[in-house]
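Notes follow the structure.
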Amino acid sequence: MDHPLQLSDYQKASTWETLGVLREVRFKASISGGKGGQHVNKVSTKIELYWTPSESTFLDEEIKHQLIIKLGSKLSAEGELRVVCEEERSQLQNKQKAVEKFYKLITACFVVQKKRKATRPTKASVTRRLEGKSKKKIKKENRGKPKL
């Protein structure tokens, strides 16, 4: 690419595909649980995708840092991201789904949330809240011993 990427470009899966980040990904196939009968016990259809963002050669330090912060809870102690897929009965389909999940995870790290605008409660909502409080007060007063 001749022009430098902006942060908003990293929100698209196509950007990650053109970067070639899948070349740094390691796949592991293993025996899957679930449906499939006897066949499931002899075929490795479960796919695990491993990627270490800190060791990526395609990304600048700023992008790596943001990924590590946002994916913090999903990274292992070694700093490795693990995506598992065993939904399908085909290894190829599971691999494709794992890659989709991977792209969704890393693109979500660059989505900027809108700032919340502070608003005042409406008059109707305030009156509803106060009415609810007074009803609760009366209900709780009625639970007490009767006054004679």
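Read-outs throughout are calculated quantities, based only on the coordinates presented, and are distinct from any laboratory measurement. Keep in mind it's a predicted model, so treat the numbers as computed, not measured. Glycine also receives a Cβ, built like all others from the backbone with ideal geometry; neighbour counts cover every protein chain displayed.
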* **Expected 222 nm ellipticity per residue - DSSP helices of 4 or more, -39500 (n - 2.57), all of the chain, to 500** => -12000 deg cm²/dmol
* To do: With springs only between Cα atoms under 10 Å apart, run a GNM on the chain and tell me which of ILE106, ILE63, ILE31 wobbles the most.
  => ILE31
* Asked: Once a ≥ b ≥ c are taken as the square roots of the eigenvalues of the Cα gyration tensor of the chain, is the result rounded (a/c under 1.5), prolate (a/b larger than b/c) or oblate (a/b not larger than b/c)?
  -> oblate
* Which lysines does LYS137 reach when only Cα atoms under 18 Å apart count, and residues fewer than 8 places away in its own chain are ignored? -> LYS145, LYS147
* Using DSSP to define loop residues, name the chymotrypsin sites (Phe, Trp or Tyr not before Pro) in segment 49-82 whose beta-carbon has at most 16 other beta-carbon atoms within 10 Å. => PHE58
* In terms of Cα to Cα distance under 17 Å, which lysines are near enough to LYS133, apart from those fewer than 8 places away along the same chain? -> LYS123
* To do: With no solvent and one equal point scatterer per Cα, compute the Debye intensity ratio I(q)/I(0) for segment 53-129 at 0.16, 0.17 Å⁻¹ and report its log10, rounded to two decimals.
  => -0.72, -0.77
* Asked: Summing Lys, Arg as +1 and Asp, Glu as -1, what charge do residues with Cβ under 14 Å from the Cβ of LYS95 carry, LYS95 excluded?
  -> +1
* To do: Could you sort out which of LYS12/LYS70; LYS12/LYS46; LYS12/LYS104; LYS64/LYS104; LYS12/LYS74 sit more than 18 Å apart by Cα distance in this structure?
  => LYS12/LYS46; LYS12/LYS74
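Quick one: CYS85, CYS109, fewest Cβ neighbours within 10 Å first, how do they rank?
Going from sparsest to densest Cβ surroundings: CYS109, CYS85.
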* Structure fact -> For segment 7-108, the charge dipole (Cβ of Lys, Arg +1; Cβ of Asp, Glu -1; about the Cα centre) points to a positive end, and the Cα of THR45, GLY72, THR18 closest to that extreme belongs to THR45
* List the trypsin sites (Lys or Arg not before Pro) within segment 57-118 that fall in a DSSP loop (any state other than H, G, I, E or B) and whose Cβ has at most 13 other Cβ atoms within 10 Å. => LYS114, LYS115, ARG116, LYS117
